[in-house]
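Structure, as structure tokens:
Read the figures in this text as sums done on the coordinates, not as results from a lab. All of these numbers come straight from a predicted model, not from anything done at the bench. Here the Cβ is made from the backbone with ideal geometry for all residues, glycine too, and neighbour counts use every protein chain on show.
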Amino acid sequence: MTPPTVARGLPRADAGLALLLAAIALVLVGAWPERADLANASWYPVAVVRTGGLLLLGWLAGSTVEPSRAARRAALLRIAVASVATAPLEALAFVGTAPSASLAWALFAPLPLAISGYGAAWTLSTVLRRVRLGWALPLASPLVAAGLAWLDLQIGPPLWLPWLVPAFPSLAAAAVNLSGAVVTATLASGVSAGRRASA
Amino acid sequence: MPPLVPAGRSARSPLTGAPPIRTALLRAAPLRIALAALVLALLLASANRAWAQPRAELMLGVAGAPVADAWNPVRAVVRDAPGAVLRMEIDAGGLERGEVPQLVTARAAPAGGVQRIDLDLPLPSWRRVSWRIEQGERVLASGGLGARERDDRPLHLVVSARPARWSAAFGPEARVVVASAADLPTRAAGWDGVAALLLDGTAAAPADAIVVTAAAAGVRVLLPTEGPSGYAPLTRLVARGASSLGAGSLEGLSAASLAAGRLNAEPAAAWGREARRAAVAAGAAALPAPTWDHLPKLVVAGAAVGFAALVWTLLWLGGPAGFASAALVLVAASVAVPAAAPTDREPRSQGAVILASNGLGVRTDLIAVARLPEGASQLDGLFASLEPRRLGWNDGRTNVPLPAGGRTRLTGAPVVVTVPDDVREATAATGSDGAPEALRALVPSGGVVVRRENVWWLVHPSSGELAASARGVTHEAAMRAPTPVTAGATP
């Protein structure tokens with residue numbers, strides 16, 4: 001069956017979203033307690049899978065970014081839709097677990113993190129292509145990701161690590177990831193390019 | 001020329017004939033100096049006495065002998081220090097566990113004069129106990145106990161004017177402590193660390209209700225069968241021989257024993273200390289585990305898979321209609337999500353174990369606490385943990401920090417209760433059917449285990465005949481005990 005064409009720039013579900021939804025649902029059901037005397041701890045793995053999955057989606061989309069502005073904008077929209085579409089599953093795990101954490105943070109923090117990841121991967125791929133080292137991207141990408149994770153472990157409050165960010169809200173993480181997301185969205189959607197063109 | 005005479009000696013007023021003022025002053029001086037010196041000496045003595053009295057002091061344990069792994073009476077006395085606060089820090093840790101801090105805070109009444117803080121505290125097997133009594137920024141008194149001062153042997157209290165006679169009465173390993181009637185605890189919890197109480201009639205007698213409370217709490221009480229008139233209420237308790245009472249016993253000291261300073265009879269205690277502990281542990285194990293009302297897993301699986309498939313399909317179809325439909329599904333799911341929240345995030349289950357004999361028993365409340373979110377559970381009353389763990393006791397409340405999804409079991413302070421009629425009747429009718437094996441094994445032949453809701457009664461076969469006068473004071477002893485604490489909601 002062929003899906004209808006995309007109308008008015010609205011993104012369409014893809015395999016990435018299907019995998020993410022399936023993974024979250026699987027983890028949620030697997031971690032949900034079978035007996036009433038067992039504590040519900042399903043939110044912790046669900047939050048890690050959702051945050052990590054969204055970050056991975058953003059990173060992969062940034063690494064394989066197409067040069068067109070519309071494609072970049074669509075990629076960012078797909079990340080935003082995936083974040084919204086998976087939020088109820090995490091909310092279900094959260095209210096069942098009743099952790100000492102913030103639901104609002106748990107639901108909204110992964111989106112700027114994923115967009116920042118998109119921006120970091122896009123920057124990396126652009127730089128490597130500029131210096132004609134695009135072939136090294138599959139090697140450089142995990143190395144840079146590992147370096148960023150190491151850096152995060154060194155500097156106190158968790159900023160990027162998907163297994164720590166949901167449970168540890170911090171102003172630093174909000175500021176860093178929101179700034180990264182705004183800069184990424186501005187550059188990727190071509191606002192600055194549009195301004196230069198109009199000038 | 002008049003003769004020169006010393007002023008004030010022979011010179012007199014020419015008008016009245018009285019000695020001049022200066023002379024009178026000189027004559028009065030020795031008396032005044034003596035009076036002033038006396039007043040000064042009295043003032044100094046008074047001030048010295050006031051300075052010598054400490055502003056605050058603490059008595060830990062019965063007669064100042066704390067027992068590890070037992071409830072101990074704690075009494076802090078402060079003088080003219082309104083709002084003074086007693087703070088204790090107990091390290092219940094060890095080499096393997098590391099530091100396990102347990103903190104105690106209790107406040108004196110915000111009034112002048114002499115104020116007391118009385119509480120019963122479950123002392124664990126400590127590595128260190130430190131305490132201080134402070135008023136604002138000032139520390140009025142402080143002190144501590146190290147690991148070398150830790151002793152978990154129960155006390156054998158001797159109330160006697162000639163205690164040396166009884167030094168070998170309880171065996172070489174016994175921890176014999178000389179006490180006066182004023183040292184004896186009034187509440188059952190204070191007797192938790194006491195194995196025996198011996199009164200030979202040579203010292204001032206305590207109130208009979210205190211002695212009955214001690215016996216009911218599990219102490220082997222040894223009383224003279226004959227004694228001075230002040231001992232009449234006590235000698236009547238053993239007039240008909242030894243008898244079990246509650247978890248302990250009342251036994252008479254024969255004239256031969258009193259003369260020789262030896263105990264001829266074997267202990268007639270209904271329950272030993274180890275048996276009481278085993279009963280509490282078995283009762284705690286039999287306590288139903290607190291539960292949460294989670295959504296059934298099948299419902300969650302259906303909801304999660306259905307939602308994921310529906311949202312993905314609607315987004316895959318795309319277009320404004322698909323997008324709007326997906327948005328509606330998201331809104332509906334968000335509205336339905338709160339239904340998955342458990343109604344009780346901090347469920348508890350409660351029960352008790354009561355060891356009874358001859359119409360009186362000692363009750364130990366049990367409570368199992370579970371907590372879904374990480375945090376501290378607050379319980380009304382003081383509770384002890386069955387295993388070393390972080391705890392706080394603040395002004396009569398117990399603070400139990402728990403990790404997310406954590407659970408623990410706690411025990412309350414022992415209190416004396418009377419055996420109600422329905423339990424006495426059930427004793428004969430139902431026996432020990434259905435009781436856990438761990439509890440049945442603790443009851444000697446002829447005794448029974450009776451269950452009333454989550455309360456287990458371990459009724460000892462009454463040995464001996466309790467004197468009629470004892471039945472009168474048992475009620476008073478039960479009334480003296482604090483009301484059993486209710487901690488939060490019972491499922």
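So the values come out like this:
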read-out	value
Size of charge dipole - the stretch B:67-180 - debye, nearest 20, with Cβ of Lys, Arg +1 and Asp, Glu -1, no other charges	380
Rough spin-label spacing in nm, given labels placed 7 Å along Cα→Cβ, for residue B:148 and residue A:73	8.1
Peptide A:90-103, shielding by other chains (average Cβ, 10 Å cutoff)	6
Order of B:120, B:344 under a 10 Å beta carbon neighbour criterion, fewest first	B:344, B:120
Qualifying GluC sites (Glu not before Pro) in the stretch B:75-136, DSSP loop, other Cβ atoms within 10 Å at most 10	B:96
Total charge dipole magnitude, the stretch A:30-85, about the Cα centre, Cβ charges on Lys, Arg, Asp, Glu only, Debye to nearest 20	360
Amide H within-cut-off set for residue B:72, under 5 Å, with H built and near neighbours excluded	B:121, B:123
Pairwise label distance in nanometres, residue B:438 with residue A:189, each label 7 Å out on the Cα-Cβ vector	6.3
Calculated Rg and Dmax of the stretch B:249-319 using C-alpha coordinates, Å	33.9, 105
Counted charge near residue A:101, where neighbours are those whose Cβ lies closer than 12 Å (Asp, Glu -1; Lys, Arg +1)	-2
Separation of the residue B:59 and residue B:118 label points, Cα + 7 Å toward Cβ, nm	1.0
Efficiency of FRET from Cβ geometry, residue B:334 and residue B:313, R₀ 25 Å, rounded to 0.05	0.85
Relative contact order of chain A, defined on C-alpha pairs under 8 angstrom at six or more residues apart (%)	25
The protein assembly as shown: proportion of alpha-carbon pairs further apart than 46 angstrom, %	47
Global geometry of chain A, whether rounded, prolate or oblate, following the gyration tensor of its Cα atoms and the 1.5 cut on a/c	prolate
Whole-Å distance, taken between Cα centres, linking the stretch B:371-411 and the stretch B:84-145	18
Directionally averaged shadow of the stretch B:334-390, computed from the convex hull of its alpha-carbon atoms, nm²	6.4
Anisotropy class of the stretch B:80-224 from Cα gyration tensor, a/c 1.5 cut	oblate
Residue among B:182, B:163, B:196 farthest towards the positive dipole end of the stretch B:104-197, charges placed on Cβ	B:163
Kirkwood Rh and Cα Rg combined as Rg/Rh, the stretch A:76-144	1.17
Point-charge dipole on Cβ atoms (K/R +1, D/E -1) for the stretch A:54-199, about Cα centre, debye to 20	720
Shielding by partners, peptide B:312-322 (average Cβ within 10 angstrom, other chains)	6
Range of Cα positions in the stretch B:224-369 per principal axis (Å), largest first	105, 26, 21
Charge-dipole axis of the stretch A:45-199 as Lys and Arg at +1 and Asp and Glu at -1 on Cβ define it, positive-most pick from A:59, A:98, A:168	A:59
Largest-first principal axis extents of the Cα set of the stretch B:284-400 (Å)	81, 30, 22
Number of partner chain Cβ atoms within 10 Å, mean per residue of B:334-347	4
Net +/- balance of residues flanking residue B:266 in space, Cβ distance below 12 Å, scoring K and R +1, D and E -1	0
With Cα atoms, 0 to 90° folded angle of helix A:171-188 axis to chain A main axis	40
